Each structure stands twice: as C-alpha cells, then as structure tokens.
Amino acid sequence: MKSYQDIARRCLKDEAAAVTALIKNIDAEFDKAVEIILQCKGKVIVTGVGKSGHIGVKIAATLSSTGTPAFYINPLDVYHGDLGVIAKGDVIIAISNSGQTDELLRFVPYIKNEGFPLIAMTGNPESLLARSSDCHLNSHVSAEACPLNLAPTSSTTAQLVLGDALACALMEARGFQDKDFARFHPGGSLGRKLLTTAQDVMRTTDLPVISPTLKLGEAILLISKGKLGLGIAVADGKIVGLITDGDIRRATERHGAAFFDIPVEEVMTKTPVMVNAAAKVEEIVTLMHRRKIHAVLVVDEEKHLLGVVDSFACGE
C-alpha cells in the first residue's frame, strides 16, 4: 500500500497538471467574458449546483473583493423567490463541469428570455449549457485526482483557478490598486495600513520628552521609563532633536565614563523624522524601512509634538 504522503503528492501533481493544461483553453472566449463583465451595469450573479456551487461562492466573493460586485445564488432556490435579486444590467456566470446539470438548464430559458448575458464555465464545450451561453470558459480536465476518478477534485480546482484568472484580468482592466483593495478589506492588515493614519495609532501620553541640555546620565532614566527606545528633545515647546538607544550606546563607546556628563544635544539627531497626523500608516511603514528607524514623531505645522508612532503600533 502506498504511503499517505505518496497519495498526497500524486493528488497535488494531478491537480497541478490539470491547472497547467488549462492554459491552452484560454482563448478569445475569455476576452469576451471579461468584456461582458466590464460592460455590466449591474452585478455579476454566479450560480452552480453541488461542488460547482461551492466554487461559485468563492468566485463571487473574489470578484466582489476586487472591484466587481457579485454574489452567488443557488439555482435550486431560483424558482422559490431568488429570481427577485436578478435585475436589469446583471450578468450571469453558470458553472457546471458536465454542462448538463438539470437545475441550471431549467434556469437558462429565463436568462435568455430576459436578455441577461450568460457566461458558462463547463468542462464540455459541446454541452447544452455551453452552446446556450454568450461565451464559454472551458474548464475541461482529462481526469479527476480522485483515485476512483469520480469525486470532483481536479475539475473543481480548474473552475476555481479560472475564476481567479477572470478576477485578475478584471482587476488589470479596471486599474484596481492596493488602496482599492483596502477599501474592501478595512479589517485586514493591508486595509489597516492603507486607511489608518498616524493620529489613529500614535502614542500621546507619557512621552519621553527631555531637555537638550540634560546630561545623558539623567536622560537614560527618562528614556527607559518611556519604553520607546528614544528621547525627544524639546526646547521652547518645539522639537529640536531625538536621541535613541543606539545614540546612547555609541556615545558610551566613544566617551567611556565621561559619557554620563555629556549633554543630550551633543549626541542627538537634530533632524529627526517627522510626519503630520494625517500621514497614512502604510506611508509611515515605508518611511521607517527606508530610513532604517523604528519610530517617527507626529507633529503639527509648527513642529509641536503631538505623539509618536513606532513599528509596533504599525503592526510590524
């Protein structure tokens, strides 16, 4: 008997081969499907039965999150009220490996009678569903990865990746950017970085503010208490410099025991990195990486200190 690992490797190889074989099926019909969706004035309705239906749910979710309003309906429910969600300007994507699924075929006359564009995704270009469609996406696979060649495995993987390919083409066509993705995923890490500002995450209390004339021996205590690894030198209410743990370490190596009596202003950075409160977290992360620093100061127009944003607050 083959080991479970051998079975898993064979399954992965079979499904990978099925996906690779799909490349030759990408033709003018794919272009037509993209254009139909781009011209859609409404939403994309994805439908399918069984395992193809589960793939349809994922495809609809992917389209919706990448700039193409879409959702899934079960064709079994269509004649029990769900027809009401389909409106003028919508496009239908119907998924069926055989292209002969009864529940979908009963739905087709309504689609055609109402004039909705129909994109079929099947593994049989000669099927009734394929021939009834305005364009056909060929998801044919030579065999299932299932040892019995019965359970939908390679065929559903093929449908899934064709849906992803469609979403990617639409993203390119629409000029969909990371900021657009963030609008649809505000709760994700990318959305947080692109939509959140310095004002939302900056620390504003117990800031390690020190005088530039303070001796380093005393400054260390305040910097340690601040737990940010830095001290902000302020004079006359304005920022005049920044001293970090690294600055202190280098001063210790350079001056030895005399280090404790050296004023902060002699070792501080006099041009610290500062941003305004409206700066996006994503911009701040990029800035910190480029300058190889772990924190930035948030200031107003007159360089008054408002807060500190460090890499931890940015989710780094």
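The values are calculated or read from the model by the stated rules, or taken from the named source; none is laboratory data. Worth saying up front: this structure is predicted, and the values here are computed from it rather than measured. Using ideal geometry, Cβ is built from the backbone for each residue, glycine included, and neighbour counts are taken over all protein chains shown. Accessible surface areas use protein heavy atoms only, side chains included; no ligands, DNA or RNA. Shrake-Rupley method; radii C 1.70, N 1.55, O 1.52, S 1.80 Å.
A few points about this structure:
- Test: residue in the stretch 257-265 that is open to solvent by less than 80 Å² (accessible area, probe 1.4 Å), touching a helix residue (DSSP H, G or I) at 6+ places or on another chain (Cβ under 8 Å) and in a strand (DSSP E or B): yes
- In the stretch 266-316, the residues that are at positive phi and either loosely packed, with under 12 Cβ neighbours inside 10 Å or of a type in the set (Asp, Glu) (or both): LYS292
- Residues that are surrounded by fewer than 18 Cβ atoms within 10 Å (Cβ to Cβ) and either under 23 Å from ASN138 (Cβ atoms) or without any contact (Cβ under 8 Å) to a residue 40 or more places away in the chain (or both), drawn from the stretch 87-102: SER98, GLN100, ASP102
- VAL240 meets all of the listed conditions (1) open to solvent by less than 20 Å² (accessible area, probe 1.4 Å); (2) farther than 25 Å from PHE312 by Cβ; (3) in a strand (DSSP E or B) but one, namely (1).
- Residue ranges of strands (runs of 3 or more DSSP E) in the stretch 61-146 with at least 3 members within 27 Å of THR20 (Cα to Cα): 91-96, 118-122, 135-138
- Per the conditions (1) more than 16 Å from LEU162 (Cα to Cα); (2) over 21 Å from the mean Cα position of the chain (by Cα); (3) surrounded by fewer than 19 Cβ atoms within 10 Å (Cβ to Cβ), the sole criterion not satisfied by VAL19 is (1).
- Test: residue in the stretch 261-274 that is under 35 Å from the mean Cα position of the chain (by Cα) and at pLDDT below 85: no
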